[in-house]
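The structure appears right after this line, and notes come after that.
The values are calculated or read from the model by the stated rules, or taken from the named source; none is laboratory data. Predicted, not measured: the structure shown is a model, and the values here were computed from it. We place every Cβ from the backbone using ideal geometry, glycine too, and count neighbours over all the protein chains shown. Keep in mind that these areas ignore ligands, DNA and RNA; they rest on the heavy atoms of the full protein, side chains included. Shrake-Rupley method; radii C 1.70, N 1.55, O 1.52, S 1.80 Å.
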Amino acid sequence: MTVVAQIAPLQGTPPGQLTEVSPVSVPAGFPSPAQDYYDGGIDLNKHLIKDTTCTFIVRVSGDSMSGAGINDGDELIVDRSLTPLHGSVVVAILDGELTIKRLHLGAAGIILKADNRDYPDITVAELSDLTVWGVVTRCLHYV
């Protein structure tokens, strides 16, 4: 099971402190000699986060969501203001335990699905205590 290792409030970048960014995309294939300069900065909060007051970063522990590109040690940007939809990757609290899964809403009820075949689906029983804590919007990988 992939679980949340840590939940911490998002620490905002102080105003005026921006991260430098290239004005063009960088090809992963052959380099282009026309793309060798920087111009301006970027506020990652502005580009990655819609609502800083409702957004948290959580660290992933486990590999049950590896099929979704979410791996052990990755950090997820989670927005608590978004409405979870069928197919959303969510941070859920099921019977007191945090987990990251894909939410399936159907005639059979609520199912929390792993994106790794080694892990079974979790069918949420009628008397279970389920809270969708937030919706995952981005995954940050270390390289």
Quiz item: Could you say which residue among Asp115, Asp72 is open to solvent by 60 Å² or more (accessible area, probe 1.4 Å) and part of a loop (DSSP other than H, G, I, E, B)?
Solution: Asp72
Practice problem: Run Leu105 past the list (1) in contact with a strand residue (DSSP E or B) (Cβ under 7 Å, 6 or more places away or on another chain); (2) open to solvent by 60 Å² or more (accessible area, probe 1.4 Å); (3) not in a loop (DSSP other than H, G, I, E, B) and report the number of the one that doesn't hold. | Solution: (1)
Exercise. Check region 81-97 and report whether any residue there is β-branched (Val, Ile, Thr), more than 30 Å from Asn45 (Cβ to Cβ) and open to solvent by 60 Å² or more (accessible area, probe 1.4 Å).
Key: no
Practice problem: Enumerate the pairs (first residue in region 80-100 and among the basic types (Lys, Arg); second residue anywhere and open to solvent by less than 70 Å² (accessible area, probe 1.4 Å) and assigned to a strand (DSSP E or B)) with beta-carbon separation below 6 Å, excluding pairs fewer than 6 apart on the same chain, so at least 6 apart or on different chains. | Solution: Arg80/Gly134
Practice problem: Filter region 115-132 for residues that are under 14 Å from the mean Cα position of the chain (by Cα) and under 17 Å from Ser61 (Cα atoms) and give the result. | Solution: Asp115
Quiz item: Any idea which of (1) at pLDDT 95 or above; (2) part of a strand (DSSP E or B); (3) open to solvent by 40 Å² or more (accessible area, probe 1.4 Å) is the one Val136 doesn't satisfy?
Solution: (3)
